[in-house]
Structures are given as structure tokens and as C-alpha cells.
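These notes concern the structure reproduced below.
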Amino acid sequence: PASAAPLRDAVLAELGEAEFAELRVACENVVNGLPDCAMLAADLVTDLPGLEVLLAQRDEANRIFLSGFAVTEGRVRWLEALRLSGVGLSTEEADAVMRSLQQADPVLAPAPLQTLSAGPLKLLLLPAQEGNH
């Protein structure tokens with residue numbers, strides 16, 4: 001949304017010169033009528049104030065990177081984009097996410113997780129990957 005322009009600008013300003021150049025190349029590369037980048041601003045982390053950003057881009061080696069960003073206390077924080085199990089996405093899955101962001105409004109749904117407060121820590125249990133137990 002237009003109201004997210006300051007957030008978008010803060011995220012883009014956080015990128016280093018080389019990262020910004022790579023993003024520009026990705027966004028200028030159009031495949032089947034769609035650029036090789038997408039950005040979504042939405043309330044993705046309910047514990048943080050305001051909106052967060054999910055940025056998807058393809059690099060020259062045909063890998064897709066998903067990066068998250070939030071502004072807290074006036075500073076841009078990087079966030080990881082992972083599946084609910086805590087495992088990263090394959091290139092094909094990340095590509096599907098990027099194309100989905102470009103073609104339709106995303107569907108936000110609550111995550112079926114809770115945290116356990118243990119003093120100053122918040123613990124989160126995630127499902128283990130098969131074979132990693």
C-alpha cells in the first residue's frame with residue numbers, strides 16, 4: 001500500500017550498494033511478464049509494531065532469496081523467512097512464493113504456535129525435520 005512507502009524506502013536504504021544493485025538487476029529482469037523480484041508489506045510479526053516486509057528476488061545463479069525486514073526502535077532488523085518447520089525453502093518453493101506474491105494478494109493466517117516464557121526468554125518449539133531427532 002502507499003502508506004508502506006516509508007517502510008519500503010527504509011528497507012531499500014538498509015541494503016548495501018552491492019545488494020541494492022543485485023535487487024535492481026532482478027527487478028529489471030522480466031520473465032513471462034513478471035519481474036524477478038517481489039516485495040510485500042504486511043503485519044507478519046504480530047509482536048512487532050507496524051508492518052514488516054518480505055522481499056523475494058532471483059540472483060544471477062537462478063537462486064531465489066527471501067528476506068524479511070522490520071523497523072523497530074527506528075532501526076531496520078533483518079528477519080528470516082522459513083517454513084513453519086524452521087527449514088528453509090528450496091529454489092522451486094521460493095520461486096512459487098515470489099510468483100504468488102506477484103499474482104494475488106497473499107492470505108495471512110495465524111501460525112499454530114505459542115511461546116513459552118522462561119524468565120527473559122521466549123522459547124518456541126518447531127517440528128523437527130524427518131531424520132533429525
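The values are calculated or read from the model by the stated rules, or taken from the named source; none is laboratory data. Computed from a predicted structure; not experimentally measured. Positions of Cβ are backbone-derived with ideal geometry, glycine not excepted, and every protein chain shown enters the neighbour counts.
Being of a type in the set (S, T, N, Q) and assigned to a loop (DSSP other than H, G, I, E, B) is the filter; apply it to the range 41-66 and report the residue that is modelled with the highest pLDDT.
Of all residues in the range 41-66, those of a type in the set (S, T, N, Q) come to 46, 57, 62.
Pick out the ones that are also assigned to a loop (DSSP other than H, G, I, E, B) and you get 46, 62.
Values: 46: 86, 62: 89.
Only one residue fits best here, namely 62.
Going by the structure shown, is residue 18 modelled with pLDDT of 90 or more, out of contact with any Asp or Glu (no Cβ under 7 Å at 6 or more places or on another chain) and over 26 Å from residue 110 (Cβ atoms)? It would help to see each step written out before you state the result.
On the way: modelled with pLDDT of 90 or more: yes; out of contact with any Asp or Glu (no Cβ under 7 Å at 6 or more places or on another chain): yes; over 26 Å from residue 110 (Cβ atoms): yes.
The answer is yes for residue 18.
Starting from residues that are more than 9 Å from residue 64 (Cβ to Cβ) and buried (at least 16 other Cβ atoms within 10 Å of the Cβ), keep the ones in the range 80-101 and report whichever is nearest to the chain's Cα centre (by Cα).
81
Filter the range 61-79 down to residues that are farther than 21 Å from residue 31 by Cβ and out of contact with any strand residue (DSSP E or B) (no Cβ under 7 Å at 6 or more places or on another chain) and give me whichever is surrounded by the most Cβ atoms within 10 Å (Cβ to Cβ). First the steps, then the outcome.
Step one: list which residues in the range 61-79 are farther than 21 Å from residue 31 by Cβ, which gives 68-79.
From what is left, the residues that are out of contact with any strand residue (DSSP E or B) (no Cβ under 7 Å at 6 or more places or on another chain) are 71-75.
Details: 71: 19, 72: 13, 73: 6, 74: 6, 75: 9.
Among those residues, the one meeting the criterion is 71.
In the range 26-33, is there at least one residue being at negative phi and either within 12 Å of the chain's Cα centre (by Cα) or of a type in the set (Ser, Thr, Tyr) (or both)? If you could, list the steps in order and put the result at the bottom.
Residues of the range 26-33 at negative phi: 26-31.
Checking which are either within 12 Å of the chain's Cα centre (by Cα) or of a type in the set (Ser, Thr, Tyr) (or both) leaves us with none.
No, because not a single residue in the range 26-33 is at negative phi and either within 12 Å of the chain's Cα centre (by Cα) or of a type in the set (Ser, Thr, Tyr) (or both).
Does residue 20 satisfy the condition of being aromatic (Phe, Trp, Tyr), more than 15 Å from the chain's Cα centre (by Cα) and either at negative phi or assigned to a strand (DSSP E or B) (or both)? Step through it out loud before you land on a result.
Values: aromatic (Phe, Trp, Tyr): yes; more than 15 Å from the chain's Cα centre (by Cα): yes; either at negative phi or assigned to a strand (DSSP E or B) (or both): yes.
Answer is yes for this residue.
Could you list all residues from the range 37-59 that are under 20 Å from residue 112 (Cα atoms) and exposed (fewer than 14 other Cβ atoms within 10 Å of the Cβ)?
43, 46, 47
When both residues are 6+ apart or on different chains and their Cβ atoms are under 6 Å apart, which pairs have a first residue that lies in the range 94-120 and is farther than 18 Å from residue 36 by Cα, and a second that is exposed (fewer than 12 other Cβ atoms within 10 Å of the Cβ)?
As it stands, the answer is 115/122; 115/124; 116/123, since those pairs meet every condition given.
I want to confirm something. Restricting to the range 112-133 and keeping residues that are hydrophobic (A, V, I, L, M, F, W, C) and modelled with pLDDT under 80, which single residue is farthest from residue 41 (Cα to Cα)? Full working, then the answer.
Looking only at the range 112-133, we keep the residues that are hydrophobic (A, V, I, L, M, F, W, C), and these are 113, 116, 118, 121, 123-126, 128.
From what is left, the residues that are modelled with pLDDT under 80 are 113, 124-126, 128.
Values: 113: 22, 124: 25, 125: 26, 126: 25, 128: 29 Å.
So the residue we want is 128.
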